[in-house]
Amino acid sequence: MRSQKDWLSYDVEEMVSQDKDNLWHHLKSHSCFENLEQMIVVGADGLVIKDIRGNEYLDATSGGVWSVMVGYGRESIARAVYEQMKEMPYFAGAYGTVPAIKFATKLLEHLPRMDKIYFSNSGSEANEKAFKMVRLAANIDPSRKGKYKILYRDRDYHGTTVATMSAGGQPERRNGFGPFVEGFSEVPHCLCYRCPFDKTYPECNIDCARAIEDVIIREGAESVGGFVVEPVTAGGGIIMPVKEYFPIVQDICKKYGVWIIMDEVVCGFGRTGKFWGHEHFDVDPDIITMAKGLASSYEALSATAVKQEIYDIFLNDLSKPEEQTNFFRDISTYGGCTAPMAAALESTRIIEDEDLVENSRKMGSILLEKLQTLTSLPVVGEVRGVGLFCGLELVQEKQSKTPVTESQMAELMGNIMAEKVIVGRTNSSLPGLNTTLYFVPCLTVSVEEIDIIVGAVETAIKKTFKECQVVA
Ligand SMILES: Cc1ncc(COP(=O)(O)O)c(C=O)c1O
């Protein structure tokens, strides 16, 4: 009989060859594995991950996609999941379970202006639920009749499904997957460094925000119901809007009855040095979506939070036959799994008890300051960010802001890895502009770890770009 531990043991060469033969990796062209071995991650503790060959790396990406908020190796999360699974592993979300009730209640403590929580499994799904709410409301609420269209922003990302890709502002993610869903329209991004209007802040009149009104009018205000937006753009290049941006957006959306769907999938749970990314701004979203950091990715969980007014739209009167199906007819099988809620409750407890949002703020400003010293290098165009969410954009030449090439980026990433540090980058997203490095470590990061990360990147930049090399 096989022991329970068998699934934890492996043969290194067998894993390497079975990885090549059987596994289809996310977001990678497998042509590169003709001559290259894919890294296989086998262990982790704190911010350090270990690969199957025994190499250790300092992970400045919180698990590759910015989601392991509390760091690796948290036994208390594993224990919470184990205890919950023994007690009651699953029942469909049409019913209540204790961890779902407790975690919804915990989330609402952190969202005083929200009233109901709807659980699902991924950021894409949480956004899809929001889109479905906009669309169903447009059909059943007389005051929102026909308001089914949803605006999204250039460079923002909201997920990988066909509908969320239809709301995606990153052309390389969309290429070849069309035709897309009808009813989604793009508005400009708000990155000052590459202003879509070629203007300079603050004389620009914040045209990037005002342009939203033009799009609403062009589409027909009677048909626009939602605007989905990241508080700080993540995969599109770490873009923090100026302080005037969201209040202007809010006024426009209010004027035309457009719900603001705040996509907190990346920014939530302390990433930006506040519990929610949108807390940096004077804005009051109608719907908030979240995933990634919810359970620190120890388990898969996402949620869509709404205000009471939105929830009430779907309270149908069962005595009226014409209203029989006017409730939110949506389900997510794994939205009923209880282990993710247990993991999320424990991860959130850790964030609260260890004051990790404050650590994100404090360490984030140290990280930003240290990265800013790299702007003295000729290829560092801009460093930007907030909290533990920083980006460094590389250019061939500062004046023209001509981006570095894909092959230079690939070489640089290899050179950073050689320093035993993993950072992220804009990846297959923005044509010609996949040139921003990401620094998004777990919220537990220390000053010493920040020094290692920044030092490794400085060394790798100098090695990659000859114009940065110090001539003796
Ligand atoms: C801002 C944002 N929204 C939504 C998503 C989609 O989340 P998921 O990959 O869990 O579907 C992502 C993923 O990176 C994201 O960055």
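Read the figures in this text as sums done on the coordinates, not as results from a lab. It should be emphasised that the depicted structure is a prediction, and the values quoted were computed from it without experimental measurement. Please note: Cβ atoms are built from the backbone with ideal geometry, for glycine as well, and neighbour counts cover all protein chains shown.
For this structure, a couple of remarks:
- Within straight-line cross-link reach of Lys28, lysines at Cα separation under 23 Å, skipping those fewer than 8 residues along the same chain: Lys20, Lys50, Lys292, Lys420
- Compared with the direct C-alpha span, the chain from Ser365 to Asp45 gains 112.8 nm at full extension, assuming 0.36 nm per residue.
- Our note on the geometry: Cα centres of segment 250-289 and segment 344-411, 21 Å apart.
- Percentage of interatomic Cα-Cα distances in the chain larger than 35 Å: 33 percent
- Length released on extending from Glu467 to Val447, taking residue separation times 0.36 nm less the Cα-Cα span: 4.3 nm
- Cα-based Kirkwood hydrodynamic radius, segment 36-76, one decimal, Å: 10.7 Å
- Charge tally for Cys204 (other residues, Cβ to Cβ under 14 Å; Lys, Arg +1; Asp, Glu -1): 0.
- Shown for segment 76-353 is the translational diffusion coefficient from the Stokes-Einstein equation, using the Kirkwood radius over Cα pairs, a temperature of 37 °C and a viscosity of 0.692 mPa s: 169 µm²/s.
- Net +/- balance of residues flanking Leu47 in space, Cβ distance below 9 Å, scoring K and R +1, D and E -1: -3
- Cut-off of 10 Å, at most 13 other beta carbons, DSSP loop: longest stretch of the chain lacking such GluC sites (Glu not before Pro): 204-472
- In this entry, segment 1-131 is assigned a mean projected area of 12.4 nm², taken as a quarter of its C-alpha convex hull surface.
- In the chain, helices alone account for a calculated mean residue ellipticity at 222 nm of -10500 deg cm²/dmol, with every DSSP H run of four or more residues adding -39,500 (n - 2.57).
- Sum of side-chain charges, Arg271 neighbourhood, beta-carbon under 12 Å (Lys, Arg +1; Asp, Glu -1): 0
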